[in-house]
Amino acid sequence: MKRWLPVIIIIGLLLLLGAYLANLNNKLVGLDEGVNAQWSNVESTYQRRADLIPNIVNTAKGYAEFERETLIQVTEARSKATSVTIDPSNITPQQLTQFQEAQGGLTSALARLLAVFERYPDLKANENFKELINELERTENRINVERIRFNEEAQKLNVAVKEFPAKLFAGMLGFDERAYFEADEGTEVAPEVDFDFGN
């Protein structure tokens, strides 16, 4: 019996390690899926914004025929923003920066578009245009909420991957840290947005 004792201990330790790794893997799979699902919500809200833009541009065309260059810039920025795709299971800081830059370009183009439309009181009075702009504003708020939730889900996974002893095995099981959304440069100063159509 004594000569089998080391073998029994080794088998017992291997079983314990196997149980730990199975439990760790299941926990990390759940956290990883949470991040992926939240990334889908982020993409969905950005897509909602992109879907609103053709309607805004088409509504505005009849009123702002002399602002063709601005309308083209918005359309091009939309095209660029929707062309950047990311695999949610492998989001790197560089990919997220590229995604944010493309979306930031669209945000800037939309801001220029709205500034131009301030000069067209008939357009500002158009009920369809007002509703589209209100929907755009709601979508922008939703984007912010979804980005915050994505960061929260990414943080849960990142903490689990970094904790000891999980950090010894997480990479081996195929789980790595995820990048966070960071504030865009210049966002420490709140932009002045005025959607007042009452004037």
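Key figures
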| read-out | value |
| --- | --- |
| Unique residue being under 31 Å from the mean Cα position of the chain (by Cα) and either over 30 Å from LEU132 (Cβ atoms) or modelled with pLDDT under 95 (or both) when the list is VAL29, VAL7 | VAL29 |
| Only one of ASN25, ASN36, ASN41, ASN55 that is surrounded by 12 or more Cβ atoms within 10 Å (Cβ to Cβ), in contact with a Pro (Cβ under 8 Å, 6 or more places away or on another chain) and on the phi < 0 side of the Ramachandran plot | ASN36 |
| Answer residue from the range 1-22, given it is closer than 30 Å to ARG178 by Cα and of a type outside the set (A, V, I, L, M, F, W, C) and is surrounded by the fewest Cβ atoms within 10 Å (Cβ to Cβ) among those | GLY18 |
| Qualifying position, being surrounded by 15 or more Cβ atoms within 10 Å (Cβ to Cβ), in contact with an Asp or Glu (Cβ under 8 Å, 6 or more places away or on another chain) and under 20 Å from SER108 (Cβ atoms), among ALA50, ALA81, ALA60 | ALA60 |
| Single residue of the range 129-144 satisfying the filter (under 18 Å from SER40 (Cα atoms) and touching a residue at least 40 places away in the same chain (Cβ under 8 Å)) that is surrounded by the fewest Cβ atoms within 10 Å (Cβ to Cβ) | GLU140 |
| Helices (runs of 4 or more DSSP H) contained in the range 29-125 and holding at least 1 residues out of contact with any Ser or Thr (no Cβ under 8 Å at 6 or more places or on another chain) and hydroxyl-bearing (Ser, Thr, Tyr) | 68-83, 93-117 |
| Subset of the range 153-181 (residues that are closer than 16 Å to TRP39 by Cα and either in contact with a Gly (Cβ under 6 Å, 6 or more places away or on another chain) or aliphatic (A, V, I, L, M) (or both)) | GLU153, ALA154, LEU157, ALA179 |
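Here is a yes/no grid of residues against (1) within 30 Å of TYR20 (Cα to Cα); (2) at pLDDT 90 or above:
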{"site": "THR70", "(1), (2)": "no, no"}
{"site": "GLY105", "(1), (2)": "no, yes"}
{"site": "LEU113", "(1), (2)": "no, no"}
{"site": "ARG147", "(1), (2)": "no, yes"}
{"site": "PHE150", "(1), (2)": "yes, yes"}
{"site": "ALA170", "(1), (2)": "yes, yes"}
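The values are calculated or read from the model by the stated rules, or taken from the named source; none is laboratory data. A quick note: this is a predicted structure, and the numbers were derived from the prediction, not measured. FYI the Cβ positions are ideal-geometry reconstructions off the backbone, even for glycines, and counts take in every protein chain you see.
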